[in-house]
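The values are calculated or read from the model by the stated rules, or taken from the named source; none is laboratory data. This one's a predicted model, so the numbers in the text were calculated from it and none came from an experiment. Here Cβ is always computed from backbone atoms with ideal geometry, including for glycine, and neighbour counts include all displayed protein chains. Remember, those area values only see protein heavy atoms, side chains included, never the ligands or the DNA or RNA. Shrake-Rupley method; radii C 1.70, N 1.55, O 1.52, S 1.80 Å.
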Amino acid sequence: VLVESLLVFVIVLSVHAVVWDRFSWCAVALAVQAFYVQFKWDRLLQLGGAVFQFRGAANSGLLPASMVIPLLGVVMKERCRAAGIVYFERFGIVVASTGMLLALFLSVLAVGITKPVPTNTCILTGIAGSVIIYTMKHSLTVSEVIEVLEVLLIFVYLSMILLYLLPRCFTPGEALLVLGGVSFVLNQLIKRSLNVIEGRGDPIDFFLLVAVVGVVLLGLFFTVLFIFMDSGTWISSLFFHMMTAVLGLGVIMPWLYRLIQRNPLFWLLQFLFQTQTRLYLLMYWTLLAASACGVVFYQNAKRSSESKKHQASTITRKYFHFIVVATYVPGLIYDRQLLYVAAVLCLAVFIFLEYIRYFRIKPFGQTLRHLLSLFLDERDSGPLILTHIYLLLGMSLPVWLFPRPCAPKGTLAGAGALVPYSGVLAVGVGDTIASVFGSTMGEIKWPGTKKTFEGTMTAIFAQIIAVALILIFDSSVNLNSSYAWILVSVSLVSLLEAYTTQIDNLLLPLYLQIMLMA
């Protein structure tokens, strides 16, 4: 925990060495108090006094999670300020302020339920809170303050509902990242739905907002419904499929139509088949999806022939990382907009299939339970299987969160040109190579962890090779003289992978994106 915290502090200070403004004081104050409160959360988790049931075999992860959203907002603000895009500069300030307030709320919650009340930690949290609120007072307009408070309110209610319904699925840090992100998306969708201006906004952004909110609302609806009826019967399953169609066609589609001012299905079909390159990419991705299904069926056939207790090895699970890299790299090189939309569709399908598995919806629910149980690891200790969804999110978030309006047209210069590749580098290449080499050839373990020195070093080396290959094959990337910063970024994130007990598929790409955007 101490080494993980040290690495996060180094990343925070590295970012603010480049981008130093009034929010830097807030970020440093937030990091210091999160470091102290993290130990209170860890103690609460050990004693079972944390109100909700959180994921075991991991620390609270409050410090690394607390800094992600504020740092993303700060680097987005600076990038858009340099590009002269005032709207997105203000948006970055709102993101940073929201992230700080959500992290502060989680800290206050831990301090409040710790008995006896920790005096020193209370003082630190009070000082950090005062600095953040003072800075927000002098940085945000009234409407922006209201927007930040709206997100906080949504986060509080979502946390109470989802952490109660889904015990042992998240650590406090993961809950902050996932539920904070969903809260922000929901607030953005409500805000944009109430202020629709024809021709304003990119349809693919609206598509992401509606898809995320749609699948979350769908899950909440069926969770409440199946409290009162058995979800495993044919009648319940038929009702599930009918209500999905009703909610999709009667709520989500009209909502999307209002935002993009055209028929969503016609727009989607026209978008997907617009060029020949897109057709080739879609056929190639279909082939890769079929091969991923083939791996699942083959491994399950192997389990049935060998032993009922057979579990997929680490190397077997990394096959899917290789498949995802093979999926994302051509999309990033040839058509990022198509990759953006395809990743949204894939996320919606993944979550919908998880609903079918979780609720045992006929005819595929029980089959999915049997097939996916082979690939479980210690992080899937709750009722939901989330690791494959986290993998997709880790690869997609750098593509979704890349501030396209603030990027220069044509060739992208500097380390920022690699931002969309953050997921590929951190998870697809770094995490995969570290895991494969560490588990097969690693001998020297990092102190206090199961991760090996050899795994981390090969991960850094592999990511540098991957950057060189990106330079060769993607003509839109020009790194100028930022090689040292890229090496430092990759090294810090690879070391963080060795020491963190949080979901690395989610955390590592975001930290690499922050470093590269800075």
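Can you list, largest first and rounded to whole Å, the semi-axes you get for the stretch 1-190 by taking the square root of 5 times each eigenvalue of its Cα gyration tensor?
Square roots of five times the eigenvalues give 27, 19, 15 Å.
Check the cysteines of the chain one by one and keep only those with no other cysteine Cβ under 4.7 Å from their own.
CYS26, CYS122, CYS169, CYS293, CYS346
Can you list which of the GluC sites (Glu not before Pro) found in the stretch 130-220 are DSSP loop residues with at most 12 other C-beta atoms within 10 Å?
GLU198
When only alpha-carbon atoms count, how far does the stretch 1-95 stretch along each of its three principal axes, as whole angstroms with the largest first?
51, 25, 19
From the cross-link list LYS318/LYS445; LYS302/LYS445; LYS77/LYS191, which pairs have alpha carbons spaced over 23 Å apart?
Among LYS318/LYS445; LYS302/LYS445; LYS77/LYS191, the Cα-Cα distance tops 23 Å for LYS302/LYS445.
Among 328-337, 88-97, what's the highest-first ranking by average C-beta atoms within 10 angstrom per residue?
Highest mean packing first, the order is 88-97, 328-337.
On a C-alpha basis, how far is the centre of the stretch 167-193 from the centre of the stretch 114-145 in Å? Whole number, if you could?
21 Å
Can you tell me the order of 151-159, 42-50 when each peptide is scored by its average per-residue count of other Cβ atoms within 10 angstrom, highest first?
Answer by packing, highest mean first, reads 151-159, 42-50.
When ranked by the protection proxy of mean other Cβ atoms within 10 Å per residue, highest first, what sequence do the peptides 120-129, 106-115 form?
Going by the mean number of other Cβ atoms within 10 Å, highest first, we get 106-115, 120-129.
Considering only protein heavy atoms, what per residue accessible area in square angstrom results for the stretch 1-190 with a 1.4 angstrom probe?
Per-residue accessible area for the stretch 1-190 comes out at 41 Å².
Please list, in chain and number order, the residues 5+ apart from LYS445 or on another chain whose amide H is under 5 Å from its amide H, with Hs placed from the backbone.
For LYS445, the qualifying residues are PHE453.
Would you kindly calculate the mean projected area, averaged across all directions, of the convex hull enclosing the Cα atoms of the stretch 118-218, in square nanometres?
Average projection, Cα convex hull of the stretch 118-218: 8.7 nm².
If you average the C-alpha positions of the stretch 23-66 and of the stretch 228-243 separately, how far apart do those two centres end up, in angstrom?
Here the answer is 39 Å between Cα centres.
Classify the stretch 249-385 as rounded, prolate or oblate from the Cα gyration tensor: take a ≥ b ≥ c as the square roots of its eigenvalues, call it rounded if a/c is under 1.5, otherwise prolate when a/b beats b/c and oblate if not.
oblate
Between (i) 57, 54, 53; (ii) 85, 68, 36; (iii) 73, 63, 51, which entry matches Cα extents along the principal axes in Å as derived from the coordinates of this structure?
(i)
So, with a 1.4 angstrom probe, what is the percent of accessible area on the stretch 1-190 that is carbon and sulfur?
71 percent
Please identify the trypsin sites (Lys or Arg not before Pro) of the stretch 373-481 that satisfy two criteria: DSSP loop assignment and at most 14 other Cβ atoms within 10 Å. Which are they?
Filter output for the stretch 373-481: LYS409, LYS450.
Could you derive backbone 3J(HN,Hα) for the stretch 155-168 from the dihedral phi with the Karplus parameters 6.51, -1.76 and 1.60 (θ = phi - 60°), listing whole Hz in sequence and x where the residue is Gly or Pro?
Result, rounded to whole Hz: 4, 4, 5, 4, 4, 4, 6, 6, 5, 6, 6, 10, x, 6.
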